[in-house]
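Chemist: This is the structure I have questions about; it appears just below.
The values are calculated or read from the model by the stated rules, or taken from the named source; none is laboratory data. What you see is a predicted model; the values in this text were computed from it and never measured. All Cβ positions, even for glycine, are placed from backbone atoms using ideal geometry, and neighbour counts span all protein chains on display. SASA here: full protein model, heavy atoms, side chains in, ligands and nucleic acids out. Shrake-Rupley method; radii C 1.70, N 1.55, O 1.52, S 1.80 Å.
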Amino acid sequence: MSFISYLINGISLGSIYAIIALGYTMVYGIAKMLNFAHGDVIMIGCYIVFVLMGSFHLNSTVSIIAAIIGCTILGVVIEKIAYKPLRKASPLAVLITAIGVSYFLQNLALILFGADTKSFTSVVHIPSIKLAGGNLTISGVTIATVISCIVIMAALMIFIKKSKSGQAMLAVSEDKDAAQLMGVNVNKTISLTFAIGSGLAAIAGVLLCSAYPTLSPYTGAMPGIKAFTAAVFGGIGSIPGALIGGILLGVIEILGRAYISSQLSDAIVFAVLIIVLLVKPTGLLGKQVQEKV
């Protein structure tokens with residue numbers, strides 16, 4: 001039962017990585033930018049929930065909705081201030097700017113909340129499920145995380161395929177100039193992409209801190225890097241790739257931590273990524289990058 005338990009935990013962690021990876025893969029697929037500040041948006045969302053529940057004593061549902069709205073607005077503001085002026089700049093300039101925004105958000109959190117690690121109260125109140133005569137327990141957080149991932153992925157795919165805004169995203173991802181000639185508002189579409197990705201980051205952050213109940217200004221840094229790894233692993237620019245990459249990465253990390261070394265679990269994750277990219281440089285679903293967002 002230990003292996004099954006580790007596998008379930010890996011799928012749960014991978015589902016969080018997949019939700020975060022959506023922000024990276026959507027922004028890259030549409031705006032061709034790598035938003036390395038995405039992990040810190042996760043942290044901001046967690047602090048919003050932490051403050052609203054701890055200081056203002058709001059219930060978890062209201063706090064989560066406020067975090068989603070706050071992160072959505074933050075994502076749009078970051079895009080407008082930091083990235084929009086760099087649309088025609090070199091990728092290196094965008095990368096440096098993204099790192100600068102990341103450090104700005106981390107230091108802002110340090111000033112506002114201090115460097116001490118806070119204890120995060122889980123917002124998931126689903127009871128655990130016991131299987132196999134009580135030998136296998138699936139926590140409520142795991143259930144909520146996996147269900148959230150499936151629902152988000154399905155809703156996002158339907159949104160992109162069926163809605164006008166989703167079709168505009170597809171058009172911009174293929175050719176910005178041609179899309180603009182066809183009447184698509186490119187600026188609005190890119191802003192919408194950042195808004196959706198940042199809103200999803202808030203959900204992922206809350207699930208992450210519910211599963212691992214600690215919070216600090218650096219909470220989103222490593223999960224953000226691993227989620228980017230998951231996006232590259234699955235084929236950055238592909239929504240199904242983000243899901244597959246996230247799940248595989250989570251399972252590899254948990255199994256590596258359990259059976260090889262907990263200290264080397266991060267190294268194992270990145271080593272597997274290197275091997276995959278050597279064999280298939282575009283990622284597992286790399287062929288879909290130019291066909292899907």
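Chemist: I'd like to check something: does region 85-93 contain any residue that is open to solvent by less than 80 Å² (accessible area, probe 1.4 Å) and among the polar types (S, T, N, Q)?
Modeler: Within region 85-93, one or more residues are open to solvent by less than 80 Å² (accessible area, probe 1.4 Å) and among the polar types (S, T, N, Q).
Chemist: Restricting attention to region 169-225, and to residues there that are in contact with a Lys or Arg (Cβ under 8 Å, 6 or more places away or on another chain) and closer than 30 Å to residue 253 by Cα, which single residue is surrounded by the most Cβ atoms within 10 Å (Cβ to Cβ)?
Modeler: Applying the filter and picking the extreme gives 215.
Chemist: What number of residues in region 41-57 are among the hydroxyl-bearing types (Ser, Thr, Tyr) and within 12 Å of residue 113 (Cα to Cα)?
Modeler: Adding up the residues that qualify gives 1.
Chemist: Quick one: is residue 74 buried (at least 17 other Cβ atoms within 10 Å of the Cβ), free of Cβ contacts under 8 Å to residues at least 40 places away in the same chain, assigned to a helix (DSSP H, G or I) and not acidic (Asp, Glu)?
Modeler: no
Chemist: Across region 257-288, what is the total count of residues that are small (Gly, Ala, Ser) and buried (at least 21 other Cβ atoms within 10 Å of the Cβ)?
Modeler: The qualifying residues number 1.
Chemist: Would you pick out the residues in region 53-71 that are farther than 19 Å from residue 26 by Cβ and open to solvent by 30 Å² or more (accessible area, probe 1.4 Å)?
Modeler: The answer is 53, 54, 55, 56, 57, 58, 59, 61, 62, 64, 65, 66.
Chemist: In region 127-158, which residues are open to solvent by 40 Å² or more (accessible area, probe 1.4 Å), over 16 Å from residue 6 (Cβ atoms) and outside any loop (DSSP other than H, G, I, E, B)?
Modeler: 129, 130, 147, 150, 151, 154, 155, 157, 158
Chemist: List every residue pair whose Cβ atoms sit under 9 Å apart, with the two residues 6 or more apart in sequence or on different chains, where the first one lies in region 40-60 and is free of Cβ contacts under 8 Å to residues at least 12 places away in the same chain and the second, anywhere, is of a type in the set (Gly, Ala, Ser) and open to solvent by 10 Å² or more (accessible area, probe 1.4 Å).
Modeler: Hits for this filter: 58/66.
Chemist: More than 17 Å from the chain's Cα centre (by Cα) and more than 21 Å from residue 64 (Cα to Cα), is that true of residue 118?
Modeler: no
Chemist: Now for a different question. Hey, can you tell me all the residues within region 29-80 that are charged (D, E, K, R) and more than 22 Å from residue 106 (Cβ to Cβ)?
Modeler: Correct list: 32 only.
Chemist: I would also like to ask the following. Pull out all pairs, ordered by first then second residue, where Cβ-Cβ is under 6 Å, the residues are six or more apart or on different chains, the first lies in region 109-126 and is part of a strand (DSSP E or B), and the second is modelled with pLDDT of 95 or more and surrounded by 11 or more Cβ atoms within 10 Å (Cβ to Cβ).
Modeler: Close Cβ pairs satisfying both conditions: 118/215.
Chemist: Here is a follow-up. Taking the options 277, 249, 273, name whichever one is assigned to a helix (DSSP H, G or I) and under 17 Å from the mean Cα position of the chain (by Cα).
Modeler: 249
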